[in-house]
Amino acid sequence: MFKTHSCGALRPQDVGKSVTLAGWVHLRRDFGGVIFIVLRDRSGLVQVVVSGESPEETQTAAAQARSEFVIQVEGTVRQRPDNQVNPDWPTGDVEVEAHAVRILNTAKTPPFYIYDDSPVDEALRLKYRYLDLRRARLQRNIILRHETVQFLRQALNSRGFLEIETPYLFKSTPEGARDYLVPSRIHPGRFYALPQSPQQLKQLLMVAGYEKYYQIARCFRDEDLRGDRQPEFTQLDLEMSFVHRDDVLDLIEEIFAELIPAVTPQKHVPLPFPRLSYAEALEMYGTDKPDLRFGMQLVDLTPVLERSNFRVFSATAASGGKIKGIVAPGCADYTRREIDELTDIAKREGARGLVTLAYTAGAVKGSAAKFLTEDELTATAETTGASEGDLVCIVASDAKVVAASLSALRLTFRDRLDLVDPDVVAFGWVLDFPMFERNEEEQRWEAVHHPFTMPRPNTYDEMMADPLAVLSDAYDLVCNGWEIASGSIRVHDPKIQSDIFRMLGYEEADAQARFGHMMEAFSYGAPPHGGIAPGIDRLVMILADETNIREVIAFPKTSQATDLMADAPAEVPAEQLKELHISIAEES
Ligand code: ASP
């Protein structure tokens, strides 16, 4: 046997036992005569002592061992002397007196320290990902991810769901991104598309009568990458037949309320999850993915300030814009520089400027204070709830810009003023999304969720006349300011489905070529159905207190969609291209 025990498992009750351990040299200190090796395996660390009394070869091997060498140790567990107990380690009461040390493999000096989590350039971490994965932070994250996925599987299995795999080599299943295409060798000029999600396939499983499906599914989307995006990512994809919206919402709420304390006992989940309409979310937080861990809601000041002599306000109101504000508690003493920083944040979101009112003792200060009447200043304080010491930040513009800039400021204050408890996991539902949005550049309508989403029945009749008035039966789950899941009740009527395709600008023949199989399937007794797909990467990222999903993915890609370790994407031999009937066009 290579090992009888795991390093991290040894405890005082093991004192006196003969053990064989195997792992990596985490640290080694040579005190001339006594060598201390901290041995690491997946379970943790333990101290190994090689003294002058150990056999000659053992002392030689210990002297040769270096960081990250792979070694095997035979020895006896003993109590550490009182003054050497390490209360920070679970194994800190004991150590292993080595009788034999065998070097199983040597190691080059690693490009960064494995034994601490000090910051290292991310490109270097990604190039040597297998070394980065040895470090405590990533190991913790990967284990948390495993536990999360196992919990979810179990939770769904016990509720009668079936885990069913669906193909990666498929046909375009649109989620609003570009497809990754895979050329067919046996069908020249034809391509598979990697699924942007198993959306169509899970709906077809409902038509097939499976009623409750899930899959830990990989999704592929070729889109511009941001911090929380990867070209391939993982969803808990699920679909259910014979459900209404609330059945899906209740199920997810129940499972997540159990999941979080099970995998992260220090975290707290406020229940029930608040439910907001899309319109309310925008009105109150300026975004459809609000961080619900703190208040600081946007307050509409249009009625209070629309008749102001201050032109910025009155002109905005006259042209149909909005005047809204938020209160930053205790920030009345912000300096000029701090106010400028806030203004820049608002401007980045399209605002022409930021009006600040500092309610100090006896006076209201700020850029526009002198243009507002005493009554307006008082009414502003009353409407927003601002009191002495507070700073009111006001943006006047069209509704979209007001929302975006105040939402950005709200998050800035969250971080500057430490307004949230990092151990609170605040979920919330956003409902009643619009069904369509206008892509002005391409002069066409797009589905806000995806084309398989059911329009709300009472708004559907409006579809052709007023597409913007159509609401959909889609829902998002948000968490701490991130969108963590999207889903919807689906169309199961071929007529409505083809209306929607038409609305989205697909010619009949085109819709038939792309989605004919769906419409055909719906004509064979499709049950009412709906589903959702929580993103595993984002969920684990939040639970692991990380801010980037790369930290919870074993082998992620860079923000440029490259793999720095294997150097992908890479060129391929001409022969391979020929087989695939592909020729590379000269770059223009
Ligand atoms: N397929 C959708 C997505 O990936 C989720 C769903 O509607 O179930 O966002």
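The numbers here are math on the coordinates, done by the rules we state, and not lab data. Bear in mind the structure is a predicted one, so any value in this text is a computation, not a measurement. Because the Cβ atoms are built from the backbone with ideal geometry, glycine has one as well, and the counts that use them run over all protein chains shown.
Label separation (residue 554 vs residue 352): 5.6 nm, computed from points 7 Å beyond Cα along the C-beta direction.
Scattering from the range 1-115 was approximated by placing one identical point on each alpha carbon and applying the Debye formula without solvent; log10 I(q)/I(0) at 0.14, 0.15, 0.22 1/Å stands at -0.50, -0.57, -1.28. Taking 16 Å as the straight-line reach from the Cα of residue 127, the lysines in range (excluding those fewer than 8 positions away in the same chain) are 108, 557.
Step through the table entries 322/347; 324/370; 212/267, compare each Cα-Cα distance with 23 Å, and write down the pairs that go over it.
Pairs exceeding 23 Å: 212/267.
The alpha carbon centroids of the range 468-543 and the range 197-222 are separated by 11 Å.
Highest mean first, the peptides 261-269, 394-402, 470-478, 564-572 sorted by other C-beta atoms within 10 Å per residue fall in the order 470-478, 394-402, 261-269, 564-572. Considering the chain at the alpha-carbon level, its Rg and Dmax are found to be 29.9, 92 Å. The reciprocal of the average 1/r between distinct C-alpha atoms defines the Kirkwood hydrodynamic radius, which for the range 449-588 equals 19.3 Å. Here the gap between residue 504 and residue 247, fully extended at 0.36 nm per residue and compared with their Cα-Cα distance, gives a gain of 89.6 nm. Expressed as a fraction of 2.2 N^0.38 Å, the value expected for a compact globular protein of N residues, the C-alpha radius of gyration of the range 262-325 is 1.62. Rounded to the nearest 500, the 222 nm mean residue ellipticity of the chain from helices alone is -9000 deg cm²/dmol, with -39,500 (n - 2.57) taken per DSSP H run of at least 4 residues. Computed from the alpha carbon positions, the gyration tensor of the range 336-488 leads to an equivalent ellipsoid with semi-axes of 37, 20, 15 Å, biggest first.
Note on residue 97 and residue 187: their simple-model spin labels are 7.2 nm apart, each label 7 Å out from Cα toward Cβ.
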